[in-house]
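Written out below as structure tokens is the structure these notes cover.
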Amino acid sequence: MTVHIGAKPGDIAETVLMPGDPLRAKWVAETFLENAECVNQVRGMYGFTGSWKGNRVSVHGSGMGMPSLSIYANELIRDYGAKTLIRIGSCGAMQHSVSVRDVILAMTASSLSTPSRGIFREVNFAPCADFALLRAAADAAARVGTKTHVGGIYSADVFYDERPDLTEIMTRHGILGVEMEAAELYNLAARHGVRALAVLTVSDHLLTHEALPAEDRQSSFAEMVEIALEAAFA
């Protein structure tokens, strides 16, 4: 048990899927896992552990933003022995070649700042995904038949951004999409020697302003979860 996670020793699997929304963690557990049990609900941040195709797996919410994710990822790694952490969430597209409902596999994650900035000081560390996970996810996406893009994303530290120039710069440099957690997840994975990947469903588009209707989100997110699970146990 930690300050933020009430699970007992052994309750968390070595493989953890991390959606931002704790209720999405509940939905993933109920939809994809067998014999799923709730192992954490401290502060309403649900965590579940069950099995998928005979493999033990946990699903634990991260909250919104890198500071929140950093708390949960640190404790999952250091106190519960998590070895593979896959962020599953939504993002906004930043290229015309990327469409709503597509999936982005984040090879790298740029940022203005992360909770790790104080450690790196003057170094512009380049956080990236685990290559084996990335390759397995790309293969899984091909089998599922989901239109998928592999490349760099931008992890923002604000949601209501008032920097249109920054969006233009990221787009010009080929950044595929924007979200708020992956860069710090990749930093922590590098620091602790574990595997990490972000598998993201495009829910809206910063250039066309198209957005995924609420009723379509569940089916689109389901494909993302399938890809993440297939990649984790490839």
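Tabulated data
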item: Debye-sum result for region 1-127 in log10 I(q)/I(0), which assumes one identical scatterer on each alpha carbon, at q = 0.17, 0.23 Å⁻¹; result: -0.93, -1.35
item: Among L134, I169, S111 the positive-end extreme of the charge dipole of region 110-234 (Cβ point charges); result: L134
item: The chain - percent of accessible surface contributed by carbon and sulfur, probe 1.4 Å; result: 51
item: Rounded to 5, the percent of DSSP beta bridges in the chain classed as antiparallel; result: 40
item: Exposed chymotrypsin sites (Phe, Trp or Tyr not before Pro) absent - longest run of the chain, DSSP non-H/G/I/E/B, at most 12 other C-beta within 10 Å; result: 1-158
item: Electrostatic dipole magnitude of the chain [Cβ: Lys, Arg +1; Asp, Glu -1; Cα centre; debye, to 20]; result: 580
item: Accessible solvent surface per residue of the chain, calculated while the other protein chains remain in place, 1.4 angstrom probe, Å²; result: 46
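The values are calculated or read from the model by the stated rules, or taken from the named source; none is laboratory data. These numbers come from a predicted model, not from an experiment. Cβ sites come from the backbone with ideal geometry, for glycine too, and all protein chains shown count toward neighbours. The protein model used for the area step is the full one, side chains on, heavy atoms only, and it has no ligands, DNA or RNA in it. Shrake-Rupley method; radii C 1.70, N 1.55, O 1.52, S 1.80 Å.
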